[in-house]
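A short worksheet on the structure shown next.
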């Protein structure tokens, strides 16, 4: 360690989820327990983070006091599901809604043996946005991580006012694969939708299609949603058709934008319907909403974390954003992760839950216990070498 030694009076703990094992709140609690075991006299502040995926709404609501709104929407395969968003009513400012696409179109909403990404629809995300507008929201943040859809946001866009027709003039069914029959798109948008101040929170920068589909939504993320090899080419062709009709019929050319392929391409459909929309870093949006910068600046040490610290960490993930804020503030930043394959810029040291492959099964079975133990080892090492 090369950091100038200073008393550790205040420690900020701000991890994102450890995917599949701990949500952000649970991860923060487990890390904080390890910090307190080594630094019992320090003030330990838990400020869980997210980057637009699952957990975003709960984190923003906890940090800001926003009201949680629950309502029933159309799930990814057409079944009703209860979705939740946060509504923040601020004196003198427009009402803000924070929505997770995963709440309405999430991968985990469908059992593994029933997943069908060729048919899954993002319609419920459009229903959430409409409900938020009806509840008074004039600004909306939509986090698009963790979805089980691959429809380019066509389902959401159709709920918001775009009309999709096949060559015979019939409505195109919902689902990504059905877009291969798309012949025409018409816009029937209400002012409240067209002019909505929409910020789309992403944690990846893939375009919808990419060069020959190589970096697009289907090629990169389809497999984890259940897209088979034989479906991939057909789905990519359907999304290409969707992008072409948006460009020709509506003069909307957004599919090549960085981030347009996030969440199975949901940003593409949202930008086509909400003309004031824009794609932004999910981690940065959440950080702004919860006041992370000020918390980092007032801390003597920042401890962040995630499930796998690897080559993807630096591309829009919460850990990278936390580390960047810490570097700017001159606050040391260290991390706990399930697996550590490298340190992103700004992270001085990291400790894995499972130091050897033999430990991984036990760490997955008892994630909180192993996270606390890893944090304890990390803080001991940091204190001894600073």
remark   = Within the stretch 313-344, the residues that are at pLDDT below 95, under 14 Å from residue 283 (Cβ atoms) and either outside any helix (DSSP H, G or I) or in contact with a helix residue (DSSP H, G or I) (Cβ under 6 Å, 6 or more places away or on another chain) (or both) are 313, 314, 315, 316, 317, 318, 321, 344
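I'm trying to understand the selection: among the residues of the stretch 72-93, which are surrounded by 16 or more Cβ atoms within 10 Å (Cβ to Cβ) and touching a strand residue (DSSP E or B) at 6+ places or on another chain (Cβ under 8 Å)? First the steps, then the outcome.
At the first step, the residues of the stretch 72-93 found to be surrounded by 16 or more Cβ atoms within 10 Å (Cβ to Cβ) are 73-77, 81, 83-88.
Once the filter is applied, which keeps residues that are surrounded by 16 or more Cβ atoms within 10 Å (Cβ to Cβ) and touching a strand residue (DSSP E or B) at 6+ places or on another chain (Cβ under 8 Å), the stretch 72-93 yields 73, 74, 75, 76, 81, 83, 84, 85, 86, 87, 88.
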note = Scanning the stretch 173-203 for residues that are part of a loop (DSSP other than H, G, I, E, B) and surrounded by 22 or more Cβ atoms within 10 Å (Cβ to Cβ), the one nearest to the chain's Cα centre (by Cα) turns out to be 203
request  = Pull up the stretch 1-31, narrow it to residues that are free of Cβ contacts under 8 Å to residues at least 60 places away in the same chain and closer than 19 Å to residue 306 by Cβ, then point me to the one that is farthest from the chain's Cα centre (by Cα).
outcome  = 28
ask   = Can you find a residue in the stretch 121-132 that is under 25 Å from residue 83 (Cα atoms), out of contact with any helix residue (DSSP H, G or I) (no Cβ under 7 Å at 6 or more places or on another chain) and at pLDDT 95 or above?
value = yes
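For (1) at pLDDT 90 or above; (2) in a helix (DSSP H, G or I); (3) more than 30 Å from residue 32 (Cα to Cα), each residue gets a yes or a no:
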| residue | (1), (2), (3) |
| --- | --- |
| 244 | yes, yes, yes |
| 259 | yes, no, yes |
| 263 | yes, yes, yes |
| 269 | yes, yes, yes |
| 272 | yes, yes, yes |
| 285 | yes, yes, no |
| 296 | yes, yes, no |
| 302 | yes, no, no |
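So which of 52, 92 ends up being without any contact (Cβ under 8 Å) to a residue 12 or more places away in the chain and within 25 Å of residue 129 (Cβ to Cβ)?
Numbers: 52 fails: without any contact (Cβ under 8 Å) to a residue 12 or more places away in the chain.
Checking each option against the conditions leaves just 92.
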inquiry  = Which of the numbered conditions does residue 34 fail, given that it passes all the others? Conditions: (1) more than 23 Å from residue 294 (Cα to Cα); (2) buried (at least 18 other Cβ atoms within 10 Å of the Cβ); (3) without any contact (Cβ under 8 Å) to a residue 60 or more places away in the chain.
reply    = (3)
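The values are calculated or read from the model by the stated rules, or taken from the named source; none is laboratory data. Owing to the predicted nature of the structure, the values given are computational and were not obtained by experimental measurement. For neighbour counting, all protein chains shown are included, and Cβ atoms are generated from backbone atoms with ideal geometry for every residue, glycine included.
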